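Undergrad: Shown below is the structure under consideration.
The values are calculated or read from the model by the stated rules, or taken from the named source; none is laboratory data. Predicted model, so just to flag it, every value in this text is computed and none were measured. So basically every Cβ, Gly included, is an ideal-geometry build from the backbone, and we count neighbours across all protein chains shown. Protein only, heavy atoms only, side chains kept; ligands, DNA and RNA dropped before computing areas. Shrake-Rupley method; radii C 1.70, N 1.55, O 1.52, S 1.80 Å.
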Amino acid sequence: MKIVLILFLTCVISFMFRGDIQMTLTKQTTIDSLGACQGVSVQHGKVFLYGDREVGMIRRFSFDHDTLTYDHQECKLTIDGRNVINHPTGIAYHGNLPVFMGNSVKPAPGETAWKAVIYCINWTGLWKTGTLDGNLLKTITDDACIQGTRPEYVKYHNKWYVATADYGNHGNEVRLYDPERLSQCSKTSEPGVLFKKFTCTPWVQNLYWLADKGIIVIIQNQTEGRKWRFTYVDLEKSIQTGQQQVIKVVDIDERKDELEGFAFSAKKKGIAVTSSRKNNVNFMNIAW
């Protein structure tokens, strides 16, 4: 009887969560000197905003209630002054595991293939020197991708993997890479790098891992480069079936600009960033 009751309660909680995810904009603000903001990473109570200013760069911020205050710490993603990660898309950071950053560049005129590169970097060294000089550990061509790369750590069966996804509207996938193999390879098509993959919907800008729920949030646009969409996906079931298993899709129709990134900043609070020049950093409440 106890087992039946536990299973029933689990189903009820799961149903309530699946049916009632709400995301509400609470504050919109403009943060300058980012270029077009490409994403946000929250680590140990600090907020890292990255963009494609005159060079790829990251700035660090602290929380002051519902406001971000600049810590006057900035990194340029350059080597010898040369712009290396010129269009940063994703930071995969977790504990002592290797740190990866993505770079997704549209084809030049006359070309068809996207340039998709994952960089393994010395995160501590990057913040000591302020550049990639001496801190770029490995450059990996993401040739297993279809269109672009956006790394994020996820956990599957007690092991951490680097998840990434495509942007476009044809054949999109979420792929899981083994972080140890990834940190040692030259291209993601090498044996042992790709672990699992599943298909997903288009216009993916970034990924976010909800560790306590086993959910990967696909941060995307409703159409190419426009309008906000958050797709909550069951990672376990998606890997089992080979297709994204959607728990909930949340569209924020009041915003017509290009959503680029999102991260939870507290249990039920988040930060969404866009490439717009105004109102590019947005605070949200999340309820379920």
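Undergrad: May I ask you to verify whether W160 is modelled with pLDDT of 95 or more, open to solvent by 20 Å² or more (accessible area, probe 1.4 Å) and within 16 Å of the chain's Cα centre (by Cα)?
TA: For W160, the condition - modelled with pLDDT of 95 or more, open to solvent by 20 Å² or more (accessible area, probe 1.4 Å) and within 16 Å of the chain's Cα centre (by Cα) - is met.
Undergrad: For a quick check of your reading of the model, give me the residue pairs whose first member lies in the range 111-127 and is within 18 Å of D166 (Cα to Cα), whose second is open to solvent by less than 30 Å² (accessible area, probe 1.4 Å) and of a type in the set (F, W, Y), with beta-carbon atoms closer than 9 Å and at least 6 apart or on different chains.
TA: Within 9 Å, the pairs are W114/Y167; I118/F100; I118/Y177; Y119/F100.
Undergrad: Something else about it: Which number in (1) open to solvent by less than 70 Å² (accessible area, probe 1.4 Å); (2) more than 18 Å from the chain's Cα centre (by Cα); (3) farther than 17 Å from A92 by Cα marks the one condition that P191 misses?
TA: (1)
Undergrad: Got a sec? Which of L34, L49, L25 is within 26 Å of D253 (Cα to Cα), at pLDDT 95 or above and open to solvent by 20 Å² or more (accessible area, probe 1.4 Å)?
TA: Selected residue: L25, the only one of L34, L49, L25 that is within 26 Å of D253 (Cα to Cα), at pLDDT 95 or above and open to solvent by 20 Å² or more (accessible area, probe 1.4 Å).
Undergrad: Taking into account only those residues within the range 134-143 that are at pLDDT 95 or above and in a loop (DSSP other than H, G, I, E, B), which is surrounded by the fewest Cβ atoms within 10 Å (Cβ to Cβ)?
TA: G134
Undergrad: Restricting to the range 230-259, give me the number of residues that are of a type outside the set (A, V, I, L, M), part of a strand (DSSP E or B) and open to solvent by less than 10 Å² (accessible area, probe 1.4 Å).
TA: First, the residues of the range 230-259 that are of a type outside the set (A, V, I, L, M): 230-232, 234, 236-238, 240-245, 248, 251, 253-258.
With the extra rule that they be part of a strand (DSSP E or B), the set shrinks to 230-232, 234, 243, 248, 251.
Pick out the ones that are also open to solvent by less than 10 Å² (accessible area, probe 1.4 Å) and you get 230-232.
Looking only at that region, the number is 3.
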